[in-house]
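Down below is the structure, laid out as structure tokens.
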Amino acid sequence: MMQNIILKRNNKIVNGTVNLTGSKSECNRALIIEALSESKVKVENISDAADAVLLAGILRGNQEAVSADSSLNNSEIENCKSEIVDIGPAGTAMRFLTAYYAIQEDEVILTGSKRMKERPIGILVDALRTLGANIDYEENDGYPPIKLKGGFKQQTGKINIKGNISSQYITALLLIAPALPLGLELHIEGELTSRPYVEMTLAMLETSGIKHTWEGNVIAISNQEFTTTSLYVEPDWSAASYWYAIAALADEAELFLTGLTPYSLQGDSVITEIMANFGITSQFKDGGVHLKKENKPISRREFDLKECPDLAQTVIVVCAALNHEASFTGLETLKIKETDRILALQTELGKMGVKLIEKDEVYTLDCSGKFIPDNIFINTYHDHRMAMAFAPLALTLPQMEFENGPVVEKSYPAFWNDLEKQGFEVEEKEA
């Protein structure tokens, strides 16, 4: 039986310490690097996010299978049936594994949840086919499930790809670049969305011994060997963003988030700058970051979230809670996430009379009709960030109920427990 979550908060004073899980974004990249390096690179502090745990199991299981099957002769290998790899709702795993399996010898069918079969993969598949991969669609063209048939023979080292699509497509190609016989010269067309995620990928490859050049719109990585090293996965700044939101909606807040540094690879660390607009100071000391709420007027009215789209729900909900009628840009990729996050935001904010209005890719909050319901039911749409972005509203609403509480396991399994430790009332309810 699916569990809903009832969430309440009796006061608006927040004070405590939170230990965050490892970054899902960093961990998933590190796991692919580990697999491609044939374990020369070791991953430390693996995230307990469900997506990362799943990917680790698939990749490490795959490596064990390769070792176990090394005694098979060619005819036996040819008679093996396709392995079916089901990644459920894990979008990052789908993109990264598509590229990873495209250059492996084994035949694999990569599939996922109902929503995953609605999320486009065609741009990445086209790029991999251009490189020389053998990939077929099993159901609908442009969407999972896909069959990766092995026998990769690189045809070219040059690929053109649009910059305004998911950065995960670009990252997937960059991760396999060192293993390509001809290397990779990636030409990015137009403006690059989510640039920090691409920079994170290149920095992690650099730590693993892989050199690159980035001149203008061209990123080039030659065929090269990984060095023996380790990749330490930092705590998750995306998870930290929900605590920044809680601090912003509190009357008084002093929180310590352990393990975070100001020199993070994660683009979502920009939450420190964004939340400074809402009176939240960030002081890095004692092996983490101290947050403190200072009451100040909010003056910033425009937020460009192009480079940190995973913060969009958090920032928009905070503005709505504070009746701050700001406008937002850079949200184009939100429609192809775990759900259509734009539509989901519009629907759930509408339950308290707030409108999110779109005009020419600019989204503006209208809080003129806002009201405070006695109890609000939040649909999560199988999207972990919908649950966590709306949870801070418990500081401003009498009672909230969240559909499918376990959805947070995708990136932050301890989220509800951590809220409870910090004084929120958290009750499970059978749906």
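The values are calculated or read from the model by the stated rules, or taken from the named source; none is laboratory data. Computed from a prediction, not measured in an experiment: that's the story for all the values here. Backbone-built Cβ (ideal geometry, glycine too); neighbour counts: all protein chains shown.
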Residue match in segment 49-62 (condition: at pLDDT below 90 and surrounded by fewer than 18 Cβ atoms within 10 Å (Cβ to Cβ)) | yes
Candidates Phe278, Phe284, filtered to the one that is assigned by TED's automatic domain parsing to the domain that holds Ala320, free of Cβ contacts under 8 Å to residues at least 40 places away in the same chain and out of contact with any Cys (no Cβ under 8 Å at 6 or more places or on another chain) = Phe284
Within segment 335-350, can you find the residues that are under 17 Å from Glu325 (Cα atoms) and among the charged types (D, E, K, R)?
-> Glu348
In the set Gly22, Gly16, which member is of a type in the set (Gly, Ala, Ser) and modelled with pLDDT of 95 or more?
-> Gly16
Out of (1) more than 18 Å from Lys429 (Cβ to Cβ); (2) in contact (Cβ under 8 Å) with a residue 60 or more places away in the chain, the one Tyr363 does not meet is (2)
Check whether at least one residue in segment 107-126 is basic (Lys, Arg), in contact (Cβ under 8 Å) with a residue 60 or more places away in the chain and more than 29 Å from Lys306 (Cβ to Cβ), and report yes or no.
-> no
In segment 213-244, how many are touching a residue at least 60 places away in the same chain (Cβ under 8 Å), under 24 Å from the mean Cα position of the chain (by Cα) and either surrounded by 17 or more Cβ atoms within 10 Å (Cβ to Cβ) or in a helix (DSSP H, G or I) (or both)?
-> 13
Would you please name the residue that is surrounded by the most Cβ atoms within 10 Å (Cβ to Cβ), looking only at residues in segment 322-332 that are part of a loop (DSSP other than H, G, I, E, B) and touching a helix residue (DSSP H, G or I) at 6+ places or on another chain (Cβ under 7 Å)?
-> Leu331
Within segment 390-418, how many residues are among the hydrophobic types (A, V, I, L, M, F, W, C), under 16 Å from Leu20 (Cβ atoms) and touching a helix residue (DSSP H, G or I) at 6+ places or on another chain (Cβ under 8 Å)?
-> 4
So which residues in segment 300-321 are surrounded by 16 or more Cβ atoms within 10 Å (Cβ to Cβ) and assigned to a loop (DSSP other than H, G, I, E, B)?
-> Leu305, Lys306, Glu307, Cys308
Among the residues of segment 285-295, is any modelled with pLDDT of 95 or more and closer than 19 Å to Val354 by Cβ?
-> no
Checklist (1) touching a Cys at 6+ places or on another chain (Cβ under 9 Å); (2) surrounded by 21 or more Cβ atoms within 10 Å (Cβ to Cβ); (3) under 26 Å from Glu44 (Cα atoms) applied to Leu260, failing item = (1)
